[in-house]
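Only one structure is covered here, and it is reproduced in the block below.
The values are calculated or read from the model by the stated rules, or taken from the named source; none is laboratory data. For clarity, every value in this text was computed on a predicted model and none was experimentally measured. Glycine gets a Cβ as well: all are built from the backbone with ideal geometry, and neighbour counts include every protein chain shown. SASA here: full protein model, heavy atoms, side chains in, ligands and nucleic acids out. Shrake-Rupley method; radii C 1.70, N 1.55, O 1.52, S 1.80 Å.
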Amino acid sequence: MMNTSRSKLRIPGGPYDGCGLSLVDGVTAMGREATNDIVVEQPVVSRKHAMIYYRDSGFWIQDLGSQNGTYVDGQRVGQQPRPLQDGERIQLGSAETGTVWEYSEVHEADLGLQSPATLQIPIGPSAATQATAAPLPTGIPAQPGIPAPPAAPAPAQQGIPG
């Protein structure tokens, strides 16, 4: 068996404890604007706040000139990129009150293993009231490579007597 490594961001604690996403070899943009990969709806977060990207066999984080800063383990990250280490905690906007993301290296025993589908997580003042996730629509597989459940049969139509 061959060991592989994949990096993840996850939320520790709160109503979304353990939810997160796998990072890819491209760029993961973070901020308040809807075009970001990770959207954080908090006033202390800038529209284009920070980015995480893969370089030199690891993931790096860079603040994009945000007003309130990007923090890794409580230390403000400047506009110079810095590598991320396993277990470090990332906060956008404030070291005290920002949403916490935990960076981790996930080691898997086999290349064939895949992560479950990632949920879109609303993060903001009303997030606590939106903690329940909607079920996947019928016909969409929950995980790549696993067939979707069969669609429910259409209800029989009754003829209208004339």
Exercise for the section: Hey, can you find the accessible area per residue of the range 1-79 for me, probe 1.4 Å, expressed in square angstrom? Expected result: 54 Å²
Practice task
Using a 10 Å cut-off on Cβ atoms, rank the peptides 55-63, 75-83, 42-50 from the highest mean neighbour count down.
Solution key: 42-50, 55-63, 75-83
Completion exercise
Those GluC sites (Glu not before Pro) from the range 49-111 that are DSSP loop and have at most 11 other Cβ neighbours within 10 Å turn out to be E96
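What is the sum of charges around G31, taking Lys and Arg as +1, Asp and Glu as -1, for the other residues whose C-beta is under 11 Å from the C-beta of G31?
Values: positive: R32, R47, K48; negative: E33, D37, E41, D63.
In short, -1.
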Exercise for the section: Describe numerically, in nm with one decimal, the distance between label points set 7 Å from Cα along Cα→Cβ at W60 and at D37. Expected result: 1.5 nm
Practice task
Measure off, as a whole percent, the carbon and sulfur share of the 1.4 Å-probe accessible area of the range 37-78, all protein chains present.
Solution key: 42 percent
Practice task
Determine the gain in length on full extension of the stretch C19-R82; use 0.36 nm per residue of separation and subtract their C-alpha separation, reporting nm with one decimal.
Solution key: 20.2 nm
Fill in the blank from the handout: The distance between the Cα centres of the range 68-92 and the range 1-59, in whole Å, is 12 Å
Problem - Extension gain from Q75 to K48, taking 0.36 nm per residue of separation minus the Cα-Cα distance - result: 7.8 nm
Exercise for the section: Amide H neighbours of G69 under 5 Å, at least 5 residues apart or on other chains, H built in the peptide plane: list them. Expected result: G93
